[in-house]
């Protein structure tokens, strides 16, 4: 009896192993079947609406030789998935993201595009300079910006009228912002702040929900600040422009006790709880998606859009970031991916995408934004001007997250009155510099061990 | 006992069957080796390196550990925050669940209903709970401060003040005292023979004597086990701070695991983050060993 059971098991095992071997050997692979059409995979992030991005549908409809298979991944997961795919040598052929591209380029996750750009004489001047600057690392270009965010100064006309201000005349200088703010700030009976004119203190816990860039960097850029030396090796967070800009924030917040400010800001949330949508803050620097955002979440808000205020005698400044498409290292068909990228970056595609996407995607291509069709809507000229004067929010690419964590920590220390401006910015600068040095020295080491740029 | 087989006495058939046995457990063994042991070993190696997942690791010896213990201000800040959270939270959680268990151990009419009611909150998961508590603790519109205002007490800035933020997170974690812990305590309570309580009655002791001299010693192994577990859980606090405060204000809720997360997944300093993880293991190990040493003197095991 026992003998027989053993034999049966032996046979079963053999059969099992045989089936497994057959499956492994003959499992249908993605590209095994040959067709005339080339297929490439493209990983994007799921945005608010689209599952298959507009550019993919348009590209597939426009030609027959290349078919793009799109895979939209939730943005929180995308970075991990793409990096894992590259590491396991099975990356998508093209990928789109909005995080600082240098974060990936410096880790050798992306293919330099210089060859393609030169060969096809891709018009680099058509892209807004701040966006183009982001694509560069170690003298190479790693991606093409396809869309961006342009920030402008939004103000609430109803609240302006209530405060006795002219709803057609937004503040033009930062001094006027302080003045307007005093008129627009309201309290309840208990003395709590229930409405403010402007709020310059959106820190790390509020950034994601409020969509507003750091006021201090915008003012500092107006003063001509630079936070990193030209060679990318020395952090200069503490510079006269930044000190003056931070002083403005301190002066702005001086009349309000910190606990009142904190209690007020604790009410800012997502969707219709966003500070501008909830009419808690009357003036805010917000991106170009906000007309659509307000239409969805707070259609009753009556707003105007203007250029950001300036410091007397200084030009305007703004912040931006780009949505780029790049080709991961190890892509199986970079040529086809490049064709797709070129199509996505072209003027007509950008104009079409802008309209198809409820005007959410601000073109990265200047020839598109200068088109009369685009400028039909009067407010667009404001966003274009702002973008021309914009600086990338990727300030220290090799230590991006550390930069912003330290920046907000320093702001907190200053606003809380724990440290002087010089002290807080100095501490932050030391930490960022330390992390940057570490990243640079690791980078040097890696170059001696991995030859990437000269590959192929 | 007569069939006892030692390794040397196995006949070929038994060897074959042993081989089959290994085959059947192979999925687990392979899974463990590939997804368990390998990452553990590699994370130790990476903790001695500069490493960012995509590029070759650079061996730097104890560099990461030296930097952590030597001059990383956030390391000590996060240790302090986590320790504070643990020391305040664990006694409250254990005491709270125990009291709740004693309460629902009474033979009151409809006790099953109460047990269910107390258990329900613990079903809510971390992120949802955090989003909910963000509003409960809102200083201007929140439930807590609204209730305090009725009594004329100005409520604090629960999450927005560096002095209150850690305490608020402790408060929030008490939400689930009626969960699995309470059930285990309840089961332990029901295992206590009623004869022991009768003895106290005969001796003329009241409820306190029963609780102090019967209940607590009899369930002390369960209390001990949960204390050990809760300390470990508390050291790993993450979600609340990640969702509600991002470590602020003024880094007052920058807990150890949150800092580790920033290092690993924002900065991609995987080597440094691995070093942080290994230090956490050492810290938890030491604390747990200490607990066992103390536990030996305090815990009463019936079987001994």
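All told, residue B:133 falls short of being assigned to a loop (DSSP other than H, G, I, E, B) and either crowded, with 20+ Cβ neighbours inside 10 Å or in contact (Cβ under 8 Å) with a residue 24 or more places away in the chain (or both).
Considering the stretch A:301-322, the residues that are buried (at least 21 other Cβ atoms within 10 Å of the Cβ) and within 21 Å of the chain's Cα centre (by Cα) include one that is farthest from residue A:68 (Cα to Cα), namely A:308.
Taking (1) surrounded by fewer than 22 Cβ atoms within 10 Å (Cβ to Cβ); (2) under 30 Å from residue B:254 (Cα atoms) in turn, residue A:425 satisfies each apart from (1). Here residue A:442 clears all of (1) touching a strand residue (DSSP E or B) at 6+ places or on another chain (Cβ under 6 Å); (2) within 17 Å of residue A:137 (Cβ to Cβ); (3) more than 9 Å from chain B (Cβ to nearest Cβ) except the condition numbered (3).
Of all residues in the stretch A:192-212, one or more are outside any helix (DSSP H, G or I), within 14 Å of chain B (Cβ to nearest Cβ), surrounded by fewer than 19 Cβ atoms within 10 Å (Cβ to Cβ) and more than 19 Å from the chain's Cα centre (by Cα). Pairing residues of the stretch A:410-430 that are away from every other protein chain (no Cβ under 11 Å) with residues that are outside any helix (DSSP H, G or I), at Cβ distances under 6 Å and at least 6 apart in sequence or on separate chains, gives A:425/A:237; A:425/A:238; A:426/A:238; A:428/A:237; A:429/A:235; A:429/A:237; A:429/A:238.
Criterion applied to B:161, B:173, B:234, B:168 was being in contact with a helix residue (DSSP H, G or I) (Cβ under 9 Å, 6 or more places away or on another chain), within 30 Å of residue B:128 (Cβ to Cβ), part of a helix (DSSP H, G or I) and within 14 Å of chain A (Cβ to nearest Cβ), and the one residue passing it is B:168. Selection of the stretch B:263-289 for residues being free of Cβ contacts under 8 Å to residues at least 40 places away in the same chain, within 11 Å of another protein chain (Cβ to nearest Cβ) and touching a helix residue (DSSP H, G or I) at 6+ places or on another chain (Cβ under 7 Å) yields B:263, B:264, B:266, B:267. Within the stretch B:62-80, can you find the residues that are touching a residue at least 12 places away in the same chain (Cβ under 8 Å) and within 14 Å of chain A (Cβ to nearest Cβ)? Hits for the stretch B:62-80 are B:63, B:64, B:67, B:68, B:74, B:75, B:77, B:78. Residues in the stretch A:78-95 that are without any contact (Cβ under 8 Å) to a residue 60 or more places away in the chain and either out of contact with any strand residue (DSSP E or B) (no Cβ under 9 Å at 6 or more places or on another chain) or within 10 Å of chain B (Cβ to nearest Cβ) (or both): A:79, A:80, A:83, A:84, A:87, A:88.
The residues in the stretch B:248-262 that are within 13 Å of residue B:235 (Cβ to Cβ), part of a loop (DSSP other than H, G, I, E, B) and within 11 Å of another protein chain (Cβ to nearest Cβ) can be counted, and the count is 0.
Coordinate-derived values only; no laboratory data. All of these numbers come straight from a predicted model, not from anything done at the bench. Backbone-built Cβ (ideal geometry, glycine too); neighbour counts: all protein chains shown.
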